[in-house]
Amino acid sequence: MTRDFHWLSSVARLKAGVSVSQAQAAMNVIGARIAQDFPASNKGWGVLVESYASTLVGPEMRTGLLVLISATGLVLLIGCANLANLALARGVSREREVVVRASLGAGRWRLIRQFLTEHVVLSVGGGVLGIGVGYAMLKWIQSLLPEFALAREFNVTLDPRVLLFALVVSTLTGIVFGLAPALQATKPDLAAAMKEESRGSSGGASRRRLRDTLIVVEVALAFVLLVGSGLMMRSFFRLMNVDTGFDSTNLLTLRLPTSTQQYPDPARLNQYLRDVRSAVEAVPGVRATAYSCAPPLQGTCYGMPMQVANRPMVDLANRSGGFYKIVSPSYFSTLGIKAIKGRVLSDTDTSNAPRVLVLNERLAKRYFDKEDPIGQRILIQEIVPGKTELGADVSWEVVGVIGDEKIGGPADDRSAGVYVSNEQTPAYGMVMSLRTSVDPLTLQTAISRAIRTVNKDQALVDIRTVDQIKNLTMGGRRVPSVLLGIFGGVALILAGIGIYGIISYSVASVRVRLGFVPPSAHRSARS
């Protein structure tokens, strides 16, 4: 049994009443027992237990969802402030009606019920309209998402729970934000109300203060949303234009699945890969080709513990490490990656030559901050080709340092690691990267035909340009940015409508109470 290749992940369902922390405690006991029984491979290693939901919704997605929920709440508050302002304005315009009805014996509670019913009908009507707009926006957002941007377990849809939630929120909004205006409009002090009418007041001092407060809240929330959406969209566009460490122009990637059953000898595997490269490079329009064990911007093959050879030895479990990317020597020239110090891998770094590797700048600073890394040696366990098995430490000589490639996507600013030649560490299932002089997607048929002249049974999967990969990796950021921008625009429009409505109503009230009669009224009187 292979015990030193720590790669296994498993999925289990917890028993009823068992928490994740209890499962973690139980697995800690099992992990400690295995480490005691097999110290050579398991000393210092443990088991991590986490909920499946937390693996699907990572920190970045969780942050984006929280931001969107907060933005939704702010837009809802702005809409509620608009509803309250509208209720206040309608209450003022109907003040004489309320006074007359109260004088005729209408109870205050009956008047409040009438006002609340009107507000709830208005709020629920807005909620129904919002559901329709939300459904249309959902379809539009789904069209923005790149394929496989979300796990298959995600089912984003307007189900009955969402509809019920929208109905409840709409009803509560009508009740809560219509109650204060209803109380204001139905206040029992009829004499004071008549005096305010006779003085030409536009709704009384208390109402004016409440209206002014609601307008201030609307504008403040709208600007919070606008500033937040502006910052997020600026960050998104900066990431789209960030330096990835290589040139992605006309760069196509495709994976070549291979297995130990097809090529049990790693030397034969590498010869086959060389033959495929030669056939593809003969296609008109193809400028250069290279192999890597993972596509650009989509991670790496392995994470390996590493040890600088001339320093005190550290247990494998306690060594710091980094990514371990297996590439062909042409990888750097094809992607346009140049050496900062020393050289990159070359065709002379064969299986019979000394083992050499290239560091990225971040790992070079970590291990050799004040030293020259060229000529230094790093110990890394051997990866057995085609097997989930590690061998003894291999001493690799550092021959060069390159700039930091964005291994995990445009936002990756932490990845540190090494590049080794597939001639010295053969790997199955390599990814081919092709630099073309024309649109690479137009060459798919010719490239497939060239590869199948070497092996008619060779499957080709994940054929994508690096620009498509970048769009895929940015899919989780694009949607929150677009939505937050829409929320900010809606908030600004709502605030503008609210301000316009209140000002228009206030001006109209003052004009009427000052005795101003529109010209149309004069014409009607003369007629």
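The set of residues in the range 341-390 that are basic (Lys, Arg) and closer than 22 Å to ARG414 by Cα comprises LYS341, ARG362, LYS365, ARG366, LYS370. Screening the candidates VAL454, VAL384 for the property of being outside the structural domain of TRP7 (by TED's automatic domain parsing), surrounded by 14 or more Cβ atoms within 10 Å (Cβ to Cβ) and free of Cβ contacts under 8 Å to residues at least 24 places away in the same chain yields one hit, VAL384. Considering only residues in the range 412-427 that are over 24 Å from LEU273 (Cα atoms) and among the acidic types (Asp, Glu), the one that is surrounded by the most Cβ atoms within 10 Å (Cβ to Cβ) turns out to be ASP412.
Quick grid of which residues meet (1) crowded, with 16+ Cβ neighbours inside 10 Å; (2) closer than 30 Å to ASN42 by Cα:
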| residue | (1), (2) |
| --- | --- |
| LYS341 | yes, no |
| LYS365 | no, yes |
| PRO373 | yes, no |
| GLU397 | no, yes |
| GLY400 | yes, no |
| GLY403 | no, no |
| PRO410 | yes, no |
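Does SER346 qualify as being of a type in the set (Gly, Ala, Ser), under 17 Å from ALA427 (Cα atoms) and either touching a Leu at 6+ places or on another chain (Cβ under 9 Å) or outside any strand (DSSP E or B) (or both)? No; evaluated as a whole, the condition is false for this residue.
Among the conditions (1) at pLDDT below 95; (2) buried (at least 18 other Cβ atoms within 10 Å of the Cβ), the only one that THR289 does not satisfy is (1).
Rundown of residues vs (1) modelled with pLDDT of 80 or more; (2) in contact with a helix residue (DSSP H, G or I) (Cβ under 7 Å, 6 or more places away or on another chain), yes/no style:
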| position | (1), (2) |
| --- | --- |
| TRP45 | yes, yes |
| LEU48 | yes, no |
| SER54 | no, no |
| VAL57 | no, no |
| GLY64 | no, yes |
| ILE69 | yes, no |
| VAL75 | yes, yes |
| LEU83 | no, yes |
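Restricting ILE469, ILE503, ILE497 to those that are modelled with pLDDT of 80 or more, surrounded by fewer than 22 Cβ atoms within 10 Å (Cβ to Cβ) and not assigned by TED's automatic domain parsing to the domain that holds SER278 reduces the list to ILE469. Selection of helices (runs of 4 or more DSSP H) fully inside the range 1-63 by the criterion of at least 3 residues being surrounded by 15 or more Cβ atoms within 10 Å (Cβ to Cβ) and among the hydrophobic types (A, V, I, L, M, F, W, C) returns 20-37.
Scanning the range 104-161 for residues being at pLDDT below 75, more than 20 Å from VAL75 (Cβ to Cβ) and not in a loop (DSSP other than H, G, I, E, B) gives a total of 2.
The values are calculated or read from the model by the stated rules, or taken from the named source; none is laboratory data. Keep in mind that what you see is a predicted model, and the values were worked out from it rather than measured. With ideal geometry, Cβ positions are generated from the backbone for all residues, glycine too; neighbour counts draw on all protein chains shown.
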